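Enquirer: Have a look at this one.
The values are calculated or read from the model by the stated rules, or taken from the named source; none is laboratory data. Quick caveat, the model's predicted, so the values are computed rather than measured. Quick reminder, even Gly has a Cβ in these numbers, built from the backbone with ideal geometry, and neighbours come from all protein chains shown. Surface accessibility is based on the protein's heavy atoms, side chains included, excluding ligands, DNA and RNA. Shrake-Rupley method; radii C 1.70, N 1.55, O 1.52, S 1.80 Å.
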Amino acid sequence: MRLQALGVKRVYSYTLGKETGISAEQVRKDFSEYQIKGNQRGGYHVDRLITEMEAIFYRNGSQNIIVVGRGNIGASLANYSNFSQRQINIVATFDIDPSKQRIRSDIPVYTLDRMKEIIDRFLVRTAIVAVPDLAAQQVCDQLVDYGVEGIINFAPVILKVPDEIIVNNINLSDEIESVIYCVSHV
């Protein structure tokens, strides 16, 4: 979309690769897997590329998700306004702390005993887990039992899930240490 805003009409795989940190060959390989066509001399038509990529990522329209844990990370994610640009709707947050359940917000904070009701009502298939490590596996098990198929895990533990469940573990400490290591070894 930035390319459209700049008035760019065509873009080449090497430019996309450079901007995303992957090789031009990987760009072409990934695009060919989704039948996104370009040509060697003309590159990819930007408007068509964006339309095709939106069809891939927004295939089912908007997606409703929930956040479990309304601490600092959970609250930040719940208040992040750019999700809506990507058709991601946080429909509810959950927390065991009664003071957080009284928070007035566009996104309500519920007790955990209402999780199944909300998941069913909003057809939630993806959840964000932002709870302390000791509670993460129990929350994960509940989510899986209630039909959630994808979990973004901010708790600093590896969750055990059935093979068909997708978990993306995001450990901020590991990410920071990785950058520190790379910076100190340059």
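Enquirer: Would you mind classifying segment 68-128 by shape? Square roots of the alpha carbon gyration tensor eigenvalues, ordered a ≥ b ≥ c; an a/c under 1.5 is rounded, otherwise it is prolate if a/b is larger than b/c and oblate if not.
Expert: It comes out oblate by the Cα gyration axes.
Enquirer: Hey, another quick one. Per DSSP helix of 4 or more residues, -39500 (n - 2.57); summed, then divided by the residues of the chain. What does that give at 222 nm, rounded to the nearest 500?
Expert: Computed ellipticity for the chain at 222 nm equals -12000 deg cm²/dmol.
Enquirer: Further question: Using only Cα atoms, locate the centre of segment 37-58 and the centre of segment 130-172, then give the distance between them in Å, rounded to an integer.
Expert: 34 Å
Enquirer: Taking the chain as the reference, fit the longest principal axis to its C-alpha atoms, fit the long axis of helix 172-184 to the helix C-alpha atoms, and give the angle between the two in degrees, 0 to 90, nearest 10.
Expert: The answer is roughly 40 degrees.
Enquirer: What percentage of the solvent-accessible surface of the chain, computed with a 1.4 Å probe over protein heavy atoms, is contributed by carbon and sulfur atoms?
Expert: 53 percent
Enquirer: Give the longest segment of the chain that steers clear of GluC sites (Glu not before Pro) in DSSP loops with at most 15 neighbouring Cβ atoms within 10 Å, not counting the sites themselves.
Expert: In the chain, the maximal stretch lacking such sites is 1-148.
Enquirer: Now, a different point. At 1.4 Å probe size, with no ligands or nucleic acids counted, give the accessible surface of Cys182 in Å², nearest ten.
Expert: 80 Å²
Enquirer: Relative to the longest principal axis of the chain, what angle (0 to 90°, nearest 10) does the C-alpha long axis of helix 46-57 take?
Expert: That works out to roughly 30 degrees.
Enquirer: Before I look further, what does segment 1-102 give for accessible area per residue, probe 1.4 Å, in whole square angstrom?
Expert: Heavy-atom SASA per residue in segment 1-102 reads 68 Å².
Enquirer: Which angle from 0 to 90°, rounded to the nearest 10, does the C-alpha axis of helix 133-145 make with the longest principal axis of the chain?
Expert: 80 degrees
Enquirer: 5 Å is the cut-off here: which amide hydrogens, built 1.01 Å from N in the peptide plane, fall below it relative to Ile65, excluding neighbours closer than 5 in sequence?
Expert: Excluding prolines and chain starts, which carry no amide H, the hits are Asn89, Ile90, Val91.
Enquirer: Which order do you get for Lys116, Lys100, Lys9 if you rank them by accessible area with a 1.4 Å probe, largest at the top?
Expert: The ranking, largest first, comes out as Lys9, Lys116, Lys100.
Enquirer: Here's something else I'd like to know. To the nearest 0.05, how large is the calculated FRET efficiency for Ala5 and His185 if R₀ is 41 Å and r is the Cβ-Cβ distance?
Expert: 0.65
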